[in-house]
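Asks: Sending over a structure as structure tokens; questions will come in a sec.
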Amino acid sequence: MMQLVAIDLDGTLLSSQLTISTENLEAIREAQNQGNIVMICSGRAPENIFELLNDYNLSCPFAASNGTVVVIDGKEREIISMAKPEVLKTAQILESYQSPYKLYTNDGIWIPKSWYDNIQTSLKENEELKSRLTELEYRQLTEQPKETDSIHFFNHIQDVIDLHDLFVQKFFILQLHPQKREEMMEELKKLKGLTITTSGNDNIEVMDEKGNKGFGLNAVARHFNIPMNNTIAIGDNFNDVPMLEAAGLSVAMGNADPKVKEICDVVTKTNDEHGVAHIIRKYVLNK
């Protein structure tokens, strides 16, 4: 019977060097060749996932922006956007903390022009962070984004809200000061109609309350008429929890947060040990 395997990207399918191993690629393609569906379920923006899949010549459905944008056969099938009043309220809280953030929208990623300055301020507030970041992580963190067809800049959040055809699916927020991060999380949780989650120790992600990876998994399962009992979800962090809870079999990576491991049925190898391939071979190909 056909199975659906939903795989997170960062910390799961991608190694610590942000690459997909040959072992993982081969397992995915074997599963697909046997008639199973493999999907990506990631916090990344749709444009970023498209690019990554093209780089590895992979063809599969995906749920981007933490499940709020579902793409099947290259077409957007379902989208969940935040209400504009909630976008404004969220941005006002972030700006009061001078927190760098990005908006994942139906027209690419929108970034405040204050992004780079706020990153530098955040790093000064947390000098310890520099010592534990790898060179790749530090470069990604401090690199000034460049405007492209899918990356846009704005001065004030009201400028974005006033664009009638622009809708926000997700806030991606960096807050490098642990205490401020906790304070911000508490303030954001007071807003109604939103989902607040994280995908790492230094970020916060905000979506509409209906938007999460569980929604993305369910949408793809419905499209292919696959019972939820025949789904497998593989992840490593808190933004993966909704799909892990929804799946027939939940799998935590060996490098997953300990609290995520506690709620899962199975713990596999780490992302640098091809943990995804291990699960696919054991529960899909061998089955």
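The values are calculated or read from the model by the stated rules, or taken from the named source; none is laboratory data. Small disclaimer: the values here were computed from a predicted structure and weren't measured. Note that each Cβ is placed from the backbone with ideal geometry, even for glycine, and that neighbours are counted across all protein chains shown. Side chains are part of the model used for accessible areas, which takes the heavy atoms of the whole protein and leaves out ligands, DNA and RNA. Shrake-Rupley method; radii C 1.70, N 1.55, O 1.52, S 1.80 Å.
Asks: Anything in the range 244-268 that is more than 11 Å from Ile234 (Cα to Cα), charged (D, E, K, R) and not in a helix (DSSP H, G or I)? List them, or say none.
Replies: Across the range 244-268, the qualifying residue is only Asp257.
Asks: Considering only residues that are in contact (Cβ under 8 Å) with a residue 40 or more places away in the chain and either surrounded by 23 or more Cβ atoms within 10 Å (Cβ to Cβ) or in a strand (DSSP E or B) (or both), which ones fall in the range 12-26?
Replies: Thr12, Leu13, Leu14, Asn24
Asks: Let me ask you something else. Scan Lys124, Lys146, Lys113 and give me the residue that is in contact with a Phe, Trp or Tyr (Cβ under 6 Å, 6 or more places away or on another chain), of a type in the set (Lys, Arg) and open to solvent by 90 Å² or more (accessible area, probe 1.4 Å).
Replies: Selected residue: Lys113, the only one of Lys124, Lys146, Lys113 that is in contact with a Phe, Trp or Tyr (Cβ under 6 Å, 6 or more places away or on another chain), of a type in the set (Lys, Arg) and open to solvent by 90 Å² or more (accessible area, probe 1.4 Å).
Asks: Being surrounded by fewer than 22 Cβ atoms within 10 Å (Cβ to Cβ) and touching a residue at least 40 places away in the same chain (Cβ under 8 Å) is the filter here; which residues of the range 222-273 pass it?
Replies: Hits for the range 222-273 are His223, Phe224, Ile226, Asn230, Phe238, Val241, Asn255, Asp272.
Asks: Suppose we filter the range 202-213 for residues that are assigned to a loop (DSSP other than H, G, I, E, B) and either open to solvent by less than 80 Å² (accessible area, probe 1.4 Å) or out of contact with any Leu (no Cβ under 7 Å at 6 or more places or on another chain) (or both); how many remain?
Replies: 4
Asks: Any residue in the range 160-182 that's closer than 20 Å to Asp208 by Cβ: show its pairings with residues that are open to solvent by 60 Å² or more (accessible area, probe 1.4 Å) and β-branched (Val, Ile, Thr) at Cβ separation under 8 Å, as long as the two are six or more apart or on different chains.
Replies: Cβ pairs passing all conditions: Phe167/Ile79; Gln169/Ile79.
Asks: Filter the range 149-161 down to the residues that are open to solvent by less than 40 Å² (accessible area, probe 1.4 Å) and closer than 15 Å to Leu94 by Cβ and list them by number.
Replies: Selection gives Phe154, Ile157, Val160, Ile161.
Asks: Please go through the range 32-60 and give me each residue that is more than 25 Å from Leu166 (Cβ to Cβ) and surrounded by 23 or more Cβ atoms within 10 Å (Cβ to Cβ), ordered by number.
Replies: Residues satisfying the conditions are Val38, Met39.
Asks: Here is a check on your reading of the model: is Gly216 at pLDDT below 95 and either assigned to a helix (DSSP H, G or I) or open to solvent by 10 Å² or more (accessible area, probe 1.4 Å) (or both)?
Replies: When the stated conditions are applied, Gly216 does not pass them.
Asks: So which residues in the range 166-203 are acidic (Asp, Glu) and out of contact with any strand residue (DSSP E or B) (no Cβ under 8 Å at 6 or more places or on another chain)?
Replies: Taking the range 166-203 as the starting set, the residues that turn out to be acidic (Asp, Glu) are 182-183, 186-187, 202.
Correct list: Glu182, Glu183, Glu186, Glu187.
Asks: Need the failing condition index for Ala83 against (1) touching a residue at least 60 places away in the same chain (Cβ under 8 Å); (2) under 26 Å from Ser114 (Cα atoms); (3) open to solvent by 60 Å² or more (accessible area, probe 1.4 Å), just the number.
Replies: (3)
Asks: On to the next question. Scan (1) out of contact with any Asp or Glu (no Cβ under 6 Å at 6 or more places or on another chain); (2) buried (at least 17 other Cβ atoms within 10 Å of the Cβ); (3) of a type in the set (Asp, Glu) for the single condition Asp73 breaks and write down its number.
Replies: Here Asp73 meets the rest and fails (2).
Asks: Something else: Those residues that are at pLDDT below 95 and either open to solvent by 40 Å² or more (accessible area, probe 1.4 Å) or not in a strand (DSSP E or B) (or both), I need them from the range 167-181; list them, please.
Replies: Gln175, Leu176, His177, Pro178, Gln179, Lys180, Arg181
Asks: Which members of the range 187-201 meet the condition of being open to solvent by 30 Å² or more (accessible area, probe 1.4 Å) and at pLDDT below 90?
Replies: Asn201
Asks: Find all pairs meeting these conditions: Cβ atoms under 7 angstrom apart; at least six residues apart or on different chains; first residue within the range 112-127 and β-branched (Val, Ile, Thr); second residue open to solvent by 60 Å² or more (accessible area, probe 1.4 Å).
Replies: Here the result reads Thr121/Gln98, each pair linking the range 112-127 to a residue that is open to solvent by 60 Å² or more (accessible area, probe 1.4 Å).
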